[in-house]
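> Can you read through this structure? Questions will come right after.
The values are calculated or read from the model by the stated rules, or taken from the named source; none is laboratory data. All values derive from a computational prediction rather than experimental measurement. Glycine also receives a Cβ, built like all others from the backbone with ideal geometry; neighbour counts cover every protein chain displayed.
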């Protein structure tokens, strides 16, 4: 029976849609209460009727919901509807969007209670008061009861994480494809635009024994990706190195997403990062020190670039963040930062408009910088004293173009080749791509600017169309097949790298039996047609025109897949390629090949394909 319902309203389905905040609250309840609790995952894209139906079918007596800037609007509609349909429902709010202006949020949502800050202990105590029918508020809680607003005052943060039960180790959360892994709380920095530290400076790490047990659980449960929840995982360098050694020992097959500060990197840390499957995201925000100074972020460009060189040397995949609309910045400054960031050759570049989050230091002094922002979530900055609304819109359009080509289209690997071939700097290339989108694909650009998320395959089509356009303008059409190959290769490589690896079917099947049964090609591998041998083409690097003078097109098909931390690309002979291409669950291998391969060779190929998980029984 569900009496306590923890609702998580996620951005979208995916491996990151893990209800960690809700599970942390549930894990801290007494065991009897935990037995009466359930977690429910909902998504912003769902209709309100669908959400209400899911909740009403349970139905709970107490419902908790965490608010973020991406779900506030939908959460408000949901809470108002729930109060109308289930008048006795006790609604508890929490999360960063609730904490900046708690009394306003509580009254706006018509909720019964609001938990401020880290909520485990406060929520558990609140549930006890609710069970007793007491209208009082405990520390860390604001309540609306009997027509009065009751404030229990602040609650100190939990200094000892070992006193808080793990949502993973208690079984409240079951590891699946993706996991969110909290390794500490707090932030040692105080960037004015960020709400991460929540007024509490410093970092409180989780105990090593708990981390080890959670990591062992992930490794044993088939988790493929883990997002480490620490805004600066390497703020304590020696602890970070110990964590990387632990990961390499316990979970070398899992891909980890980490956030780091470049200034804390050193050669040893870069080597340790290279020994695990990971991608490292680094907050650059701007390359202009005078702009970063306005938001309390010291910056030494030479040192920053020196540290990134350590990651490149070790082959560590890294991404950079940029923000446009920072106080003191303008369109030209954003272009300068964009060009410089791309010259650092990140594997990914994420670009965001500045958000004026309520409760942050920048929010309190917005008038000093002439900042006008949206009053409601997501609080996007519309203009500043140094950047007009028109300039902000120009930044948004350019950022959208970069996102489509470089990030969504997985083009980081081929980007330097394209720049060299067309004789363009990164900024000029991105501006030309934007101009082409505006002229040739205005509806696609409008959809992307409106928030629609295009797939990597859709972005690949845009890349190919733009490259054909550039080749035509420069009368280099002969390069088109080679460039299409490069775009297809880097797209397929990235898809294999970030996706799950092929696995054999659960029921063992002998090659002899498999030869006469319909099989299905695994959707976890890329079967790609090329005009040139991909191995030879990749070796050409930026010297494509010299390559074409020495090589003629020779169509081939290659298999691209991941095994552990490596991505493999194997050119296939004609019959093996045909077998994989036509294995769609309707025909057996013997029917597909029609006797063109001796039985012994067919069984040998099938033994390999089945053991690698390339072919699986239907």
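> Here is a list: 600, 539, 609, 558. Which entry is at pLDDT 95 or above and over 15 Å from residue 481 (Cα atoms)?
558
> Residue 266: within 30 Å of residue 384 (Cα to Cα), assigned by TED's automatic domain parsing to the domain that holds residue 353 and more than 24 Å from the chain's Cα centre (by Cα), yes or no?
On the way: within 30 Å of residue 384 (Cα to Cα): no; assigned by TED's automatic domain parsing to the domain that holds residue 353: yes; more than 24 Å from the chain's Cα centre (by Cα): yes.
The answer is no for residue 266.
Residues checked against (1) farther than 24 Å from residue 492 by Cβ; (2) under 33 Å from the mean Cα position of the chain (by Cα):
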| site | (1), (2) |
| --- | --- |
| 568 | no, yes |
| 575 | no, no |
| 586 | yes, no |
| 590 | yes, no |
| 593 | yes, no |
| 608 | no, no |
| 613 | no, yes |
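> With the requirement that a residue be modelled with pLDDT of 90 or more and out of contact with any helix residue (DSSP H, G or I) (no Cβ under 6 Å at 6 or more places or on another chain), what does segment 170-182 give you? So that I can check it myself, show each step before the final result.
Quick first cut of segment 170-182, residues modelled with pLDDT of 90 or more only: 170-175, 178-182.
Correct list: 171, 174, 178, 181, 182.
> If you take the residues of segment 206-227 that are at pLDDT below 95 and in contact with a strand residue (DSSP E or B) (Cβ under 7 Å, 6 or more places away or on another chain), which of them is farthest from residue 251 (Cα to Cα)?
206
> Could we say that residue 291 is crowded, with 19+ Cβ neighbours inside 10 Å and more than 30 Å from residue 220 (Cα to Cα) here?
The answer is yes for residue 291.
> Check residue 157 against each of (1) over 26 Å from the mean Cα position of the chain (by Cα); (2) buried (at least 16 other Cβ atoms within 10 Å of the Cβ); (3) modelled with pLDDT of 95 or more and name the one condition it does not meet.
(3)
> State which residue is nearest to the chain's Cα centre (by Cα) when the search covers only segment 46-79 and only residues that are in a helix (DSSP H, G or I) and under 21 Å from residue 130 (Cβ atoms).
Looking at residues that are in a helix (DSSP H, G or I) and under 21 Å from residue 130 (Cβ atoms), I get 75.
> On to the next question. Suppose the filter is within 28 Å of the chain's Cα centre (by Cα), surrounded by fewer than 16 Cβ atoms within 10 Å (Cβ to Cβ) and over 22 Å from residue 230 (Cα atoms); does residue 171 pass it?
So residue 171 fits the description; yes.
> Given the residues 85, 36, 72, 80, which is the only one that is outside the structural domain of residue 218 (by TED's automatic domain parsing), over 23 Å from residue 175 (Cβ atoms) and touching a strand residue (DSSP E or B) at 6+ places or on another chain (Cβ under 7 Å)?
36
> Kindly state which strands (runs of 3 or more DSSP E) lie completely within segment 91-162 and contain at least 2 residues that are touching a strand residue (DSSP E or B) at 6+ places or on another chain (Cβ under 9 Å), farther than 21 Å from residue 4 by Cα and without any contact (Cβ under 8 Å) to a residue 60 or more places away in the chain.
148-151
> Count, please, the residues in segment 47-60 that happen to be in contact with a strand residue (DSSP E or B) (Cβ under 9 Å, 6 or more places away or on another chain), at pLDDT 95 or above and surrounded by fewer than 17 Cβ atoms within 10 Å (Cβ to Cβ).
The qualifying residues number 2.
> Given 586, 546, which one is out of contact with any helix residue (DSSP H, G or I) (no Cβ under 9 Å at 6 or more places or on another chain) and surrounded by fewer than 13 Cβ atoms within 10 Å (Cβ to Cβ)? Reasoning before the result, please.
On the way: 546 fails: out of contact with any helix residue (DSSP H, G or I) (no Cβ under 9 Å at 6 or more places or on another chain).
The conditions single out 586.
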